Amino acid sequence: MPYSNEKSSGSDGQLSDSDSSRLSESMACSMSDSESPRDSFTSDSSSKHASPVSSPPKAVTFDEIMSTARNMSNMVLAHEIVTNQNFHLEHVDLPKNSLEGKVKQIVHKAFWDCLEAELKEDPPQYEHAIKLFDEIKEILLSFLTPGTNRLRTQICEVLDVDLIRQQAEHNAVDIPKMGGYIINIMSKLCAPIRDEDVKKLKASGDIVQMLRDVFRVLDLMKMDMVNYTIQNIRPQLQRQLADYERIKFQEIIEKTPDALIQTTEWIKESIKDAIEAKSHGNAGGANGVSTDNLSPTLVLNSGYLKLLQMDYHSAIPETLITDDVRVQEIKFKLLQVKIIACVCLITQNAMGSYCTNEFTEKVKEITSILIQGINSTTFNLKEALSALSVKICTEMNNSLTERGLTPLSTEAQSVLLGQIDSIIEKDHPIYSLIEKRTYEYLSTFLCVPYPYKRVPMTPGGLTSVRVELELIACHYANIVHFNKQVYGPFYANIFRKLLFSEATEQKAETVAQ
């Protein structure tokens with residue numbers, strides 16, 4: 001599995017060292033800060049598949065648009081199957097009050113009413129029944145594996161449409177008997193989870209209802225077969241996913257002009273931020289900073305961290321579309337961890353040496369419960385923090401009283417309530433400190449060689465959420481590592497264009513001066 005919510009303990013299901021080195025070669029982003037990106041990007045040693053070709057802008061046909069959509073859909077599906085171990089398909093019934101649900105209900109009722117009317121005629125008509133048996137036969141055959149030739153032949157003989165039609169001409173069709181045969185075959189082919197559903201099917205009584213029930217269970221069995229297939233292809237996809245996604249994305253690039261607009265802007269912003277950061281730390285000012293001094297690896301890592309700090313949902317880089325949901329989830333988890341760390345730190349400062357590890361754990365648990373659902377659009381964080389501050393203050397006084405200590409003074413309680421209430425406000429000193437150290441930790445984690453044989457030390461103030469922060473950092477680092485492996489060649493191409501363009505502009509300005 002390319003990445004998961006847990007820390008990697010080995011190479012099983014993870015990207016290997018060779019994969020990591022291949023990324024370094026193709027992307028040319030594994031250089032140190034002292035190396036020049038110009039030298040790396042002009043190198044001819046990169047492999048053929050690591051040099052994506054961008055087609056010039058051209059008119060896009062409808063067929064090309066549909067082909068691009070299919071490529072994107074296939075790529076997202078394959079990515080989801082591999083990265084989400086719980087991924088499976090479920091049978092979804094349309095809401096009865098929806099337009100689609102009403103249309104489906106009307107059409108199905110019309111069909112079954114027509115079948116019932118035909119069977120009640122004298123003599124009975126079997127045209128709709130024959131169509132149903134033919135469809136059932138095809139569904140049953142689709143469940144068979146290549147080696148079950150004997151059962152395949154038997155099903156074809158019993159549900160032979162031509163034979164059933166001849167029997168219908170002589171009014172000799174025994175529908176209950178064929179229904180019993182179908183149910184018997186279903187019991188042999190169904191997954192164990194469907195045993196009870198098949199047992200409830202009746203081969204006698206209301207024929208129409210029996211056939212409706214058969215189709216309902218067959219729909220469930222089809223979904224079971226799809227999920228079984230997904231489980232079987234997952235290991236193969238894991239081995240080939242990086243190459244598959246890169247190839248599919250290259251096809252999208254070739255058919256869709258300007259398919260990397262958001263990605264280019266994202267990298268351009270990261271380069272700009274890196275130049276500004278260097279200029280602030282450079283005593284000589286901005287004139288002492290050039291693009292030759294930038295490390296593409298660090299610039300790209302900075303861009304990944306910025307995704308967790310800003311709202312990119314409406315304009316997420318195209319190369320991260322397959323992980324959009326996961327990035328959003330990590331953002332909310334990170335926000336939760338930062339708030340928990342802040343509340344714990346505020347509590348520890350208020351109680352001083354009287355704050356025990358047990359009480360800190362209790363504060364963590366209370367905070368986690370009260371800010372649960374923070375990712376919901378209807379969640380009111382300000383109200384939650386207000387309720388949390390009152391709860392923490394009460395628990396703190398109870399803890400002090402139980403140990404025979406003096407409860408917090410009115411003034412101290414007021415300060416505590418205010419600090420927790422205002423955590424999300426701009427420039428909150430404790431939150432700003434926690435946020436700064438959190439992103440420094442994540443930045444350090446992204447630089448740890450893969451696979452992770454060690455993890456960075458947790459900064460001060462974050463020890464109360466060390467485990468949670470480690471899991472988030474590991475999960476995000478896995479996403480970043482795999483994203484670099486897939487899209488490294490495309491990033492290298494963008495860096496090459498942006499850095500060379502920047503260098504040309506700087507040279508022109510120097511000549512003009």
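Just so it is clear, none of the values below were taken in a lab; they were calculated from the coordinates. Model, not experiment: these values are computed from the prediction. Positions of Cβ are generated from backbone atoms using ideal geometry, with glycine treated the same way; all protein chains shown enter the neighbour counts.
What the table below lists for this structure:
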{"read-out": "Residue (of 173, 192, 140) at the positive-pole extreme of segment 125-199, dipole from beta-carbon charges", "value": "192"}
{"read-out": "Segment 372-397 and segment 317-352: distance between their alpha carbon centers, rounded to Å", "value": "15"}
{"read-out": "Sparse-neighbourhood loop sites, GluC sites (Glu not before Pro) in segment 383-472 - DSSP loop, at most 15 other Cβ within 10 angstrom", "value": "425"}
{"read-out": "Descending semi-axes in Å of segment 191-235, equivalent ellipsoid built from Cα gyration tensor", "value": "28, 10, 4"}
{"read-out": "Backbone HN-Hα couplings from phi across segment 124-140 [Karplus 6.51/-1.76/1.60, Hz, Gly and Pro as x]", "value": "x, 9, 10, 4, 5, 5, 4, 4, 5, 5, 5, 5, 4, 4, 5, 5, 4"}
{"read-out": "Label-to-label distance, nm, for residues given as residue 497 and residue 440 (7 Å Cα→Cβ offset)", "value": "3.7"}
{"read-out": "Segment 304-407: mean projected area of Cα convex hull, nm²", "value": "7.8"}
{"read-out": "Contour minus Cα-Cα distance for residue 398 and residue 261 (0.36 nm per residue)", "value": "43.6 nm"}
{"read-out": "3J(HN,Hα) from dihedral phi, segment 145-154, Karplus parametrisation 6.51/-1.76/1.60, rounded to Hz, x for glycine, proline", "value": "8, x, x, 9, 5, 5, 5, 4, 5, 5"}
{"read-out": "Residues residue 187 and residue 156, FRET efficiency given R0 of 22 Å [Cβ-Cβ distance, rounded to 0.05]", "value": "0.70"}
{"read-out": "Computed label-point distance, nm, for sites residue 240 and residue 106 using a 7 Å Cα→Cβ extension", "value": "4.5"}
{"read-out": "Nearest-0.05 FRET efficiency for residue 212 and residue 96, computed from C-beta distance (R0 25 Å)", "value": "0.90"}
{"read-out": "Eligible lysines near residue 426 by straight Cα distance, threshold 19 Å, same-chain separation 8 or greater", "value": "306, 331, 338, 382, 436"}
{"read-out": "Segment residue 321-residue 127, length gained on full extension (0.36 nm per residue, minus Cα span)", "value": "65.0 nm"}
{"read-out": "Rg/Rg_globular for segment 119-216, with Rg_globular taken as 2.2 N^0.38 Å and Rg from C-alpha atoms", "value": "1.09"}
{"read-out": "Theoretical gain in end-to-end length, residue 415 to residue 231 [0.36 nm per residue, Cα-Cα removed]", "value": "60.8 nm"}
{"read-out": "Of the trypsin sites (Lys or Arg not before Pro) in segment 94-181, those whose Cβ has at most 13 other Cβ within 10 Å and which sit in DSSP loop", "value": "96"}
{"read-out": "Sites residue 120 and residue 149, calculated FRET efficiency, Cβ-Cβ separation with R0 35 Å, nearest 0.05", "value": "0.35"}
